[in-house]
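Structure first, then comments.
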Amino acid sequence: MSSSSSKPNTETYQPNWHIRAITAPGPDSDLSLHVAFDNARFLFGCGEGTQRAFTQKRLTMRGLSGIFIGSGESRGRAGLAGVLMTAADAGIPKVDIIGPPDVSQYLATLRSSVVRDALNVQMHAYPRTASAGEPIEMFKSPNITVRAIALTPSSSASASSSAPSASLSYPPYDPQSPSFRPTRLSPTDTQTWCDRVVSDMFQTGSQVRSFRRATSPPRSPTRPINPLVNPDGTVNAARPDTRMPLPLPSGEDVETQMVYICQAPDVRGKFDVNKANALGVPKGPLRGTLTRGESIEVDDSSVEGGKRTVKPEDCLVGGGPGSVLMVVNCTEVTLSSLIANKAVEEYQELKSQPESKPARHVHVVVHRVPKSVWQTSEYQAWMAAFGETTQHLIADPSDSPEHTVFNSAAWNTLQLSLLDSQIFTPPYLSSPETTTATLPPNTSFLVQCSYCRMHPPSPVSVLPPHEKDVPFRITSSEGGAAREKIRHDMPEYAQACDVAQEAVKADPRSTTPLAPLPGDDIVVTTLGTGSAIPSKYRNVSATHLSVPGVGGILLDCGEGTLGQLRRRYGRDGVKKIWEQLRMIFISHMHADHHLGLNALLEDRFKYGVTTPLFIVAPPFIALNMQESASWQHHAPSQEALENIIYININRLGFRIENRGYEEQVASQSNETVEGGSLEYFEHATMEDGKRGAKRWPFVNVHGFSANVNRDHWTNVNRLLRDLELKSIWAPTVQHRGRAYGLALEHSSGWKVVYSGDTKPCDSLVEVGKDATLLIHEATLEDDKPEVAAVKGHSTFSQAIDIGKRMNARHILLNHFSQRYPKLPKLPAPPPPPAPTSDTTVDQSTATTIPPVVSISFDFMSIRISDMWKMSYYMDPLSMLFAEVEEEGEGEDGVLGAVEGDVNPTLDKKGGKAGVGKAAGAAKAKPMPGQAEEGKKSKRSMKKEAARAANKANGVEGQVEKRAGSPGLVEPEAKRRSTEGAALTTDVI
């Protein structure tokens, strides 16, 4: 258990604290409750998008001390990895993670992509050895003591094929043993091992352990060695190895819900001088003794013995028990466990209590419970038992009123829709249903910014939003009126939109379209167009292709992709997306490209979609999927799981055409790998399935044995056949760590190429020859080529140059640095020549036609044949999004929030604190190219960028005078505050 080594200073410590809802359950969020003391902060719930919500809501992570996970469901903890990495990068030194029994196991499944050496992460999983419903003190600090109760479902409700049998035998816990295998561990030993894995992931063990260590010594000729043991004899628990998977958590683990009882220290009263004088307490040290909560004796000749005892409460006024917060997570299958729990009754004033121990008053109870629970008379009676003065907040994850969390992106897209409502579709709200349920007294529904001061205690209220976080509450039926209001409030921008639209109409392609070419009807929807960490305006990587006659293809899926899909398409639209989705491609193991995958698979199963879905990804993605229980738990059948078909991207490094590979399979020998023969590990994997430690995949997908080769090429051929592909090719590209691009060539003639994350790369040019569409990352500006090279990324002009070299017809740029959250500084390319009366295109002369180049925004859906319009839209876009970056936005938005906090009590001296050694080191050691960049004037850098861009667009020598973004006329123009611009009303 966690406890502070130092006691609170009782002379100065005051437990002033409050709670605030950062997010409420919704389409792209879950409950995230911020509990703030003067000198520490805690987070209850950490769903997808939590780190982005901190930026949107203008909140700080500074002082974050603990994160409490509410259940075994993925929805409430899928944002944990992102928050931890952001905290580490911000210089936060230590975070405690408290949660259900499998919380360490969940975080350990991310060991291949979530690694930081600047953060001390202490895990506190509810112990497997605890009795059912037993209250356990899980966390203790000077601010707060937290007891936890794990609510488990009945055995019938949690029945799962992954549940281990009670008759299983387990070997002794010995991680250094040659026969050690995590899937053979007992549940208690698994918890111990996963704690160690997380410790090594964040380098908090006794030794620094990196999986870049030297390889293990040669294997034994008689048995495999343990690949987790280093040459020096230490164990590298965090090393991801497909031969050493973690066991699959049980169905009971997934269904487990947590109750947290948070008790602040008792409040010391204020010293009353008049009472002290009346009681004869002399001035001096004795009064300090009373203030510290200790009794004293004073001289009094009127009492026997001449000494009278004075207690602290005799001279202190206004003190009393510290406030209590209870956070309840409960579902239908755990409701009976909650109602029957005796530990909770200690806090219910209307339940019979021993006279010697009256119930402790609870100031606020936050209920994360579905409608099917809180509407029952049984649950409402349980709520009422806390007494009329306890306040209740209900956060319904199943039927919450619809609201928008990321308002800046929503307003941004609405304003873009004035330019082209077909390309830019705002994330409109549907009309939310209002509940007529009868609730107990002092009960309300939790919403964003629900707030309650715990000490001094106050009623629950709702804080007004920040001026930069105007709520977006517009439905689709109100969209037209909203755009008219934008037109009225932003006349210059509206006029620029009109000019651009007239230019589009005047283009011959609007009246006499060119003869359609293969792929022209593909619709590209950019769900996430930012890099590294999400910002207010751009989520991390995800791009959806809708291919008529084929289906959907998803290229990468960072954290929050499910929420972006829900916002873009709505409930009915998402179901259609799942029904038509054929393939998900993961380019590499960086977290911003894949953390959203399991949530997508789980949601797809919840809609009842079980059709075949190909996952083309690195092997560690398959390892993570194998070890993750939540998405598998929601599969309606084994057939549904079998239809999740994994293809190892490592084996697609050459052009694979749509023809049989039986001859290749037959030629494969029974290979061996470090650690023993592949048959050994295949056999071990089969045994894992029998023991309930593994479920998916049902065949071995790792290695190169004859069985693996056969299954791999069978699945590749099936992918080519089902999607009618002529070929597939996933070349290795140049990035930090192993990364892949993708080229898909269809039998109808179109070819789509995706870069993933990469520097300019010849291998991508080779596979992308004559591409219909190149989707290429353009992370950095043209004046930062050195920074791009160090980070393994491309500049705008470099990305365009790659497209020109491969003779791509269309280039879509994405993955922009969050330092430029709205519009990359990219001059608009000249429009291609107008079509002639001959509407056919001679492919032999295609090299003389410049590519159509477009930038991308979140929620943008554009048909390939319409991409030429974007060149006309650059001027109004530039007017809307000037270059000057607002405070708190961009790549430093979340990190900057750490520095931007104004709470002086978090600092030793009352001023602004630094953000730790990591941040200090980053400031002291700039990236290559930054020093030289600082020597140049802003004007000279702009001219150089313009020349480079003009050269890329074939207009070398024509340097347009620009003072910022393309199309800006005013030399001193600055970015306008756009979310809500003049739209300050809630509903138009």
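The values are calculated or read from the model by the stated rules, or taken from the named source; none is laboratory data. Just so it is clear, the structure is predicted and the values come from calculations on it, not from any experiment. Every residue, glycine among them, receives a Cβ derived from its backbone with ideal geometry; neighbour counts consider all protein chains shown. These area figures cover heavy atoms from the full protein model, side chains too; ligands, DNA and RNA do not enter into them. Shrake-Rupley method; radii C 1.70, N 1.55, O 1.52, S 1.80 Å.
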### Query
Pairs, please: C-beta under 7 Å, at least 6 apart or cross-chain, first residue under 23 Å from Arg184 (Cβ atoms) and in the range 142-167, second of a type in the set (Ser, Thr, Tyr) and at pLDDT 90 or above?
Ser160/Ser250; Ser162/Ser250; Ala163/Ser250; Pro164/Ser250
### Residue check, Gly563 part of a strand (DSSP E or B), farther than 15 Å from Ser755 by Cα and either among the aliphatic types (A, V, I, L, M) or out of contact with any Cys (no Cβ under 7 Å at 6 or more places or on another chain) (or both)
no
### Task
For Asp117, state whether it is surrounded by fewer than 24 Cβ atoms within 10 Å (Cβ to Cβ), in a loop (DSSP other than H, G, I, E, B) and in contact (Cβ under 8 Å) with a residue 12 or more places away in the chain.
yes
### Message
Just checking: which of the strands (runs of 3 or more DSSP E) contained wholly in the range 737-781 hold 3 or more residues that are among the polar types (S, T, N, Q), touching a Gly at 6+ places or on another chain (Cβ under 6 Å) and free of Cβ contacts under 8 Å to residues at least 40 places away in the same chain?
### Response
none
### Summary
From the option list Val499, Val470, single residue qualifying as of a type in the set (Val, Ile, Thr) and under 35 Å from the mean Cα position of the chain (by Cα) is Val470
### Query
Does Cys452 satisfy the criteria of being crowded, with 19+ Cβ neighbours inside 10 Å and out of contact with any helix residue (DSSP H, G or I) (no Cβ under 9 Å at 6 or more places or on another chain)?
yes
### Summary
Note on Ala506: of the conditions (1) modelled with pLDDT under 95; (2) under 25 Å from the mean Cα position of the chain (by Cα); (3) of a type in the set (A, V, I, L, M, F, W, C), unmet is (2)
### Query
Counting only residues that are surrounded by fewer than 22 Cβ atoms within 10 Å (Cβ to Cβ) and not aliphatic (A, V, I, L, M), how many does the range 579-597 have?
3
### Task
Please list, ordered by first then second residue, the pairs with beta carbon atoms under 6 Å, 6 or more apart or interchain, first in the range 509-524 and in a loop (DSSP other than H, G, I, E, B), second small (Gly, Ala, Ser).
Pro518/Ser748; Pro518/Gly749; Asp520/Ser865
### Hits in the range 525-549 (condition: β-branched (Val, Ile, Thr) and either in a strand (DSSP E or B) or over 18 Å from the mean Cα position of the chain (by Cα) (or both))
Thr525, Thr526, Thr543, Val547
### Query
Does the range 782-799 include one or more residues that are among the aromatic types (Phe, Trp, Tyr) and at pLDDT below 95?
yes
### Subset of the range 308-330 that is modelled with pLDDT under 90 and among the charged types (D, E, K, R) - its residue that is least open to solvent (accessible area, probe 1.4 Å)
Asp314
### Task
Could you please let me know if Ala21 is open to solvent by less than 10 Å² (accessible area, probe 1.4 Å), modelled with pLDDT under 95 and either in contact with an Asp or Glu (Cβ under 7 Å, 6 or more places away or on another chain) or not polar (S, T, N, Q) (or both)?
no
### Message
Scan the range 431-442 and tell me whether some residue there is under 21 Å from Cys262 (Cα atoms) and either open to solvent by 50 Å² or more (accessible area, probe 1.4 Å) or at pLDDT below 95 (or both).
### Response
yes
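One line per residue, one yes/no per condition, for (1) open to solvent by 20 Å² or more (accessible area, probe 1.4 Å); (2) without any contact (Cβ under 8 Å) to a residue 40 or more places away in the chain:
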{"residue": "Met625", "(1), (2)": "no, no"}
{"residue": "Ser628", "(1), (2)": "no, no"}
{"residue": "Trp631", "(1), (2)": "no, no"}
{"residue": "His634", "(1), (2)": "yes, yes"}
{"residue": "Ser637", "(1), (2)": "yes, yes"}
{"residue": "Glu642", "(1), (2)": "yes, no"}
{"residue": "Arg651", "(1), (2)": "yes, no"}
{"residue": "Arg655", "(1), (2)": "yes, no"}
{"residue": "Asn658", "(1), (2)": "yes, no"}
### Query
What single numbered condition from (1) open to solvent by 20 Å² or more (accessible area, probe 1.4 Å); (2) at positive phi; (3) modelled with pLDDT under 85; (4) of a type outside the set (Phe, Trp, Tyr) fails to hold for Gly737?
(3)
### Query
Is there a residue being more than 24 Å from Gln448 (Cα to Cα) and polar (S, T, N, Q) anywhere in the range 356-367?
yes
## Note on the structure
Scanning the range 253-300 for residues that are small (Gly, Ala, Ser) and in a helix (DSSP H, G or I) gives Ala276, Ala278, Gly288
### Lone unmet requirement of (1) open to solvent by less than 10 Å² (accessible area, probe 1.4 Å); (2) within 51 Å of the chain's Cα centre (by Cα) for Ala276
(2)
### Test: residue in the range 234-253 that is assigned by the TED database to the domain that holds Val103, at pLDDT 50 or above and open to solvent by 30 Å² or more (accessible area, probe 1.4 Å)
yes
### Summary
Per the filter on the range 714-733, residues part of a strand (DSSP E or B) and under 14 Å from Asn648 (Cα atoms) are Ile728, Trp729, Thr732
### Message
Go through the range 552-566 and report how many residues are open to solvent by less than 10 Å² (accessible area, probe 1.4 Å), in contact (Cβ under 8 Å) with a residue 40 or more places away in the chain and not hydrophobic (A, V, I, L, M, F, W, C).
### Response
3
